[in-house]
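Asker: The following block contains the structure, expressed as structure tokens.
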Ligand SMILES: Nc1ncnc2c1ncn2[C@@H]1O[C@H](COP(=O)(O)OP(=O)(O)OP(=O)(O)O)[C@@H](O)[C@H]1O
Ligand SMILES: [Mg+2]
């Protein structure tokens with residue numbers, strides 16, 4: 001029971017925080033909620049299957065761009081719906097073509113996808129519409145953005161919890177261990193992978209759409225910044241990508257560290273970022289949660 | 001119509017004909033040995049039946065259902081379960097989860113308590129039920145083989161394909177393994193087993209089919225087939241397995 005009650009209390013508390021914090025504090029909260037959403041949504045597909053995707057920003061950027069293009073013609077709800085549909089459709093097409101790739105081929109492909117989408121949009125804006133940048137003017141407050149993102153994060157985590165207990169979750173875990181065994185056990189590989197990939201992509205796209213009014217001015221190089229994809233991966237891995245709360249546990253502290261680094265050491269920031277990546281992979285390869293459990297288990301073993 | 005019908009199955013790997021016009025049938029409840037020297041195409045034939053590889057030509061039918069052309073998961077759900085010559089277990093899952101997956105995703109689509117019950121029953125059969133909760137990564141090689149068989153059994157299959165499941169066991173384990181397969185046979189399961197251990201084949205299989213260089217060279221009662229000069233020379237000509 002406390003597994004449901006505690007998160008709900010936490011959620012309620014987080015929902016009233018914006019009433020008491022400064023604008024700067026609220027900005028941090030939005031950033032943290034965004035990365036919790038991105039890392040959790042990423043882990044929804046990649047955490048169990050071990051398909052390391054660097055396409056996060058392809059969907060995030062698509063969401064932001066959809067808002068930039070449609071915000072003056074459609075209502076906000078309809079814009080979000082369009083973003084979700086576009087993100088889901090891209091994921092479906094891309095997934096059908098590429099989920100056969102494994103290991104490093106999939107990593108490289110997913111990275112290429114983000115670049116491809118960015119280049120296509122740039123080309124289209126320059127050659128067809130003749131504008132590169134776009135403005136987002138929406139009648140939406142910063143608090144509302146926060147609440148939406150918090151809601152999306154909560155939905156993502158709840159969905160993940162449900163998937164972990166479902167057949168889909170079990171199929172994803174088997175696929176992560178051995179696709180051959182999965183197939184010969186009756187699992188429809190293509191369907192399971194596509195379903196998880198599309199679900200994950202829709203959330204990533206919505207995250208980009210919800211956060212986009214914060215940018216005000218949008219152009220491809222801003223919203224398709226590959227650093228977002230890398231940050232997402234490292235956050236999920238730090239906490240433990242195959243655990244429900246792992247991505248959250250990785251995203252919050254890392255986001256705060258990145259914020260602090262980028263405002264205090266703007267020049268050496270990329271180097272520090274690189275070092276942090278290497279540190280995470282070497283020091284906590286299985287994520288913080290698993291490492292802590294192992295330490296606790298050892299301590300218990302030593303006592304007992 | 002027989003239960004399993006393999007009709008002129010062919011598998012071509014570039015210039016190599018690994019399975020060449022192989023035809024034979026199995027009746028329901030039969031245990032048949034699939035013999036042949038190394039590289040004769042036994043595993044490839046198992047792969048054709050289970051859908052791991054698409055056949056170049058030919059037909060494979062189970063109880064009238066055409067398996068050729070179906071995907072691996074469809075074939076599994078049609079009731080075909082297999083083990084692998086090189087054992088494949090799921091290291092990050094517990095034993096009971098390893099076994100449960102075929103119950104969950106197989107043709108009966110069990111879930112929850114029912115899936116667990118089937119999985120525990122299968123673990124019980126192979127003698128692993130006391131360790132149901134441990135991670136598969138911690139098992140010895142022999143226990144991994146047991147686990148793999150339990151996974152195949154939890155599918156509650158129509159036909160079981162074993163690829164040298166008895167290989168690598170010590171004499172005591174071998175005796176246990178033979179007894180276990182006999183129990184499965186008595187339970188009415190249809191089994192096609194690739195096997196090099198002739199004593200086990202004699203003990204379990206009234207009938208064998210023998211392959212050599214991709215071709216079927218014998219399909220006869222075990223004693224007769226093993227005395228067949230073609231079979232003897234195929235084995236002596238090729239490398240004999242330890
Ligand atoms: N995927 C593949 N691609 C190319 N050649 C293959 C492939 N699989 C098997 N072969 C070749 O097909 C032939 C038959 O191999 P197969 O594994 O079926 O033999 P086998 O009878 O199972 O042998 P063993 O007793 O050693 O297990 C061999 O020459 C092998 O090299
Ligand atoms: Mg073989």
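The values are calculated or read from the model by the stated rules, or taken from the named source; none is laboratory data. Worth saying up front: this structure is predicted, and the values here are computed from it rather than measured. Note: ideal-geometry Cβ built from the backbone for every residue, glycine included; neighbour counts use all protein chains shown.
Asker: Kindly establish whether residue A:230 is within 13 Å of the chain's Cα centre (by Cα) and surrounded by fewer than 18 Cβ atoms within 10 Å (Cβ to Cβ). Let's see the steps before the verdict.
Answerer: Numbers: within 13 Å of the chain's Cα centre (by Cα): yes; surrounded by fewer than 18 Cβ atoms within 10 Å (Cβ to Cβ): yes.
Yes; evaluated as a whole, the condition is true for this residue.
Asker: Now, a different point. So which residues in the stretch A:69-99 are surrounded by 13 or more Cβ atoms within 10 Å (Cβ to Cβ) and outside any helix (DSSP H, G or I)?
Answerer: Scanning the stretch A:69-99 gives A:71, A:74, A:99.
Asker: From the list A:288, A:204, A:194, A:276, pick out the single residue that is surrounded by 19 or more Cβ atoms within 10 Å (Cβ to Cβ) and closer than 25 Å to residue A:106 by Cα. Break it down stepwise before answering.
Answerer: Details: A:288 fails: closer than 25 Å to residue A:106 by Cα; A:194 fails: surrounded by 19 or more Cβ atoms within 10 Å (Cβ to Cβ); A:276 fails: surrounded by 19 or more Cβ atoms within 10 Å (Cβ to Cβ).
Within the list A:288, A:204, A:194, A:276, the selection yields A:204.
Asker: Still on this structure, please answer the following. Do we have residue B:87 as within 14 Å of chain A (Cβ to nearest Cβ), farther than 30 Å from residue B:228 by Cα and surrounded by 16 or more Cβ atoms within 10 Å (Cβ to Cβ) here?
Answerer: Values: within 14 Å of chain A (Cβ to nearest Cβ): yes; farther than 30 Å from residue B:228 by Cα: yes; surrounded by 16 or more Cβ atoms within 10 Å (Cβ to Cβ): yes.
Against the criterion (within 14 Å of chain A (Cβ to nearest Cβ), farther than 30 Å from residue B:228 by Cα and surrounded by 16 or more Cβ atoms within 10 Å (Cβ to Cβ)), residue B:87 qualifies.
Asker: What do you reckon, is residue A:113 within 14 Å of chain B (Cβ to nearest Cβ), surrounded by 15 or more Cβ atoms within 10 Å (Cβ to Cβ), modelled with pLDDT of 90 or more and under 15 Å from residue A:51 (Cβ atoms)? Explain how you work it out, then say what you get.
Answerer: On the way: within 14 Å of chain B (Cβ to nearest Cβ): no; surrounded by 15 or more Cβ atoms within 10 Å (Cβ to Cβ): yes; modelled with pLDDT of 90 or more: yes; under 15 Å from residue A:51 (Cβ atoms): yes.
Judged against the criteria, residue A:113 is not a match.
Asker: Identify, from the list B:116, B:74, the residue that is assigned to a helix (DSSP H, G or I), without any contact (Cβ under 8 Å) to a residue 24 or more places away in the chain and in the same structural domain as residue B:188 (by TED's automatic domain parsing). So that I can check it myself, show each step before the final result.
Answerer: On the way: B:116 fails: in the same structural domain as residue B:188 (by TED's automatic domain parsing).
Only one candidate passes the filter, namely B:74.
Asker: Restricting attention to the stretch B:94-105, which residues are out of contact with any helix residue (DSSP H, G or I) (no Cβ under 6 Å at 6 or more places or on another chain) and within 10 Å of chain A (Cβ to nearest Cβ)?
Answerer: Those that are out of contact with any helix residue (DSSP H, G or I) (no Cβ under 6 Å at 6 or more places or on another chain) and within 10 Å of chain A (Cβ to nearest Cβ): B:97, B:105.
Asker: From (1) surrounded by 22 or more Cβ atoms within 10 Å (Cβ to Cβ); (2) in the same structural domain as residue B:37 (by TED's automatic domain parsing); (3) over 23 Å from residue B:3 (Cβ atoms), pick out the condition that doesn't hold for residue B:198.
Answerer: Residue B:198 satisfies all of (1) surrounded by 22 or more Cβ atoms within 10 Å (Cβ to Cβ); (2) in the same structural domain as residue B:37 (by TED's automatic domain parsing); (3) over 23 Å from residue B:3 (Cβ atoms) except (1).
Asker: Among the residues of the stretch A:120-164, count how many are surrounded by fewer than 18 Cβ atoms within 10 Å (Cβ to Cβ) and not in a strand (DSSP E or B).
Answerer: Just the residues of the stretch A:120-164 that are surrounded by fewer than 18 Cβ atoms within 10 Å (Cβ to Cβ), to begin with: A:120, A:122-124, A:126-133, A:135, A:137-144, A:147, A:151, A:155, A:158-159, A:161-162.
If we keep only those that are not in a strand (DSSP E or B) too, we end up with A:120, A:122-124, A:126-133, A:137-144, A:147, A:151, A:155, A:158-159, A:161-162.
Result for the stretch A:120-164: 27.
Asker: Another question, then. Here are B:70, B:35, B:62, B:93: which of them is more than 16 Å from ligand 2 (Cβ to nearest atom) and under 28 Å from residue B:142 (Cβ atoms)? Lay out the reasoning, then the answer.
Answerer: Details: B:70 fails: under 28 Å from residue B:142 (Cβ atoms); B:35 fails: more than 16 Å from ligand 2 (Cβ to nearest atom); B:62 fails: under 28 Å from residue B:142 (Cβ atoms).
Going through B:70, B:35, B:62, B:93 in turn, just one is more than 16 Å from ligand 2 (Cβ to nearest atom) and under 28 Å from residue B:142 (Cβ atoms): B:93.
Asker: Would you pick out the residues in the stretch B:49-69 that are in a loop (DSSP other than H, G, I, E, B), buried (at least 18 other Cβ atoms within 10 Å of the Cβ) and within 14 Å of chain A (Cβ to nearest Cβ)?
Answerer: First, pick out the residues of the stretch B:49-69 that are in a loop (DSSP other than H, G, I, E, B): B:51-56, B:63-64, B:67-69.
Right, trim to buried (at least 18 other Cβ atoms within 10 Å of the Cβ) and you get B:51, B:53, B:55, B:67-68.
Selection gives B:51, B:53, B:67.
Asker: Residues in the stretch B:12-48 that are part of a strand (DSSP E or B), away from ligand 1 (no atom under 13 Å from the Cβ) and either over 15 Å from residue B:211 (Cα atoms) or within 14 Å of chain A (Cβ to nearest Cβ) (or both): how many?
Answerer: Residues in the stretch B:12-48 being part of a strand (DSSP E or B), away from ligand 1 (no atom under 13 Å from the Cβ) and either over 15 Å from residue B:211 (Cα atoms) or within 14 Å of chain A (Cβ to nearest Cβ) (or both): 2 in total.
Asker: Going by the conditions given, is residue B:16 within 13 Å of ligand 2 (Cβ to nearest atom) and either surrounded by fewer than 20 Cβ atoms within 10 Å (Cβ to Cβ) or in the same structural domain as residue B:200 (by TED's automatic domain parsing) (or both)?
Answerer: Details: within 13 Å of ligand 2 (Cβ to nearest atom): no; either surrounded by fewer than 20 Cβ atoms within 10 Å (Cβ to Cβ) or in the same structural domain as residue B:200 (by TED's automatic domain parsing) (or both): yes.
So residue B:16 fails the test.
Asker: Name the residue, out of A:277, A:230, that is under 29 Å from residue A:145 (Cβ atoms), at pLDDT 90 or above and part of a helix (DSSP H, G or I).
Answerer: Numbers: A:277 fails: at pLDDT 90 or above.
Among A:277, A:230, only A:230 is under 29 Å from residue A:145 (Cβ atoms), at pLDDT 90 or above and part of a helix (DSSP H, G or I).
Asker: Which residues, counting only those in the stretch B:21-30, are surrounded by fewer than 22 Cβ atoms within 10 Å (Cβ to Cβ) and either within 16 Å of ligand 2 (Cβ to nearest atom) or closer than 19 Å to residue B:62 by Cβ (or both)? Don't jump to the end; show me each part of the working.
Answerer: From the stretch B:21-30, those surrounded by fewer than 22 Cβ atoms within 10 Å (Cβ to Cβ) are B:21, B:23-30; that's our starting set.
The answer is B:23, B:24, B:25, B:26, B:27, B:28, B:29, B:30.
Asker: Continuing with the same structure: For the list (1) within 13 Å of residue A:210 (Cα to Cα); (2) in contact with a helix residue (DSSP H, G or I) (Cβ under 7 Å, 6 or more places away or on another chain), I need the number of the one condition that residue A:92 fails.
Answerer: Residue A:92 satisfies all of (1) within 13 Å of residue A:210 (Cα to Cα); (2) in contact with a helix residue (DSSP H, G or I) (Cβ under 7 Å, 6 or more places away or on another chain) except (1).
Asker: Scan (1) more than 9 Å from every other protein chain (Cβ to nearest Cβ); (2) buried (at least 18 other Cβ atoms within 10 Å of the Cβ) for the single condition residue B:82 breaks and write down its number.
Answerer: Exception for residue B:82: condition (1).
Asker: Any idea how many residues of the stretch A:203-227 are touching a helix residue (DSSP H, G or I) at 6+ places or on another chain (Cβ under 6 Å) and outside any helix (DSSP H, G or I)?
Answerer: Residues flagged as touching a helix residue (DSSP H, G or I) at 6+ places or on another chain (Cβ under 6 Å) and outside any helix (DSSP H, G or I) within the stretch A:203-227 amount to 2.
Asker: Across the stretch A:165-186, what is the total count of residues that are free of Cβ contacts under 8 Å to residues at least 12 places away in the same chain, more than 7 Å from chain B (Cβ to nearest Cβ) and buried (at least 19 other Cβ atoms within 10 Å of the Cβ)?
Answerer: Of the residues in that region, 1 qualify.
Asker: Continuing with this model, one more query. Consider residue B:104 carefully, then state whether it is free of Cβ contacts under 8 Å to residues at least 40 places away in the same chain, buried (at least 18 other Cβ atoms within 10 Å of the Cβ) and more than 16 Å from ligand 2 (Cβ to nearest atom). Before the answer, list the steps.
Answerer: Numbers: free of Cβ contacts under 8 Å to residues at least 40 places away in the same chain: yes; buried (at least 18 other Cβ atoms within 10 Å of the Cβ): yes; more than 16 Å from ligand 2 (Cβ to nearest atom): yes.
Yes: the conditions hold for residue B:104.
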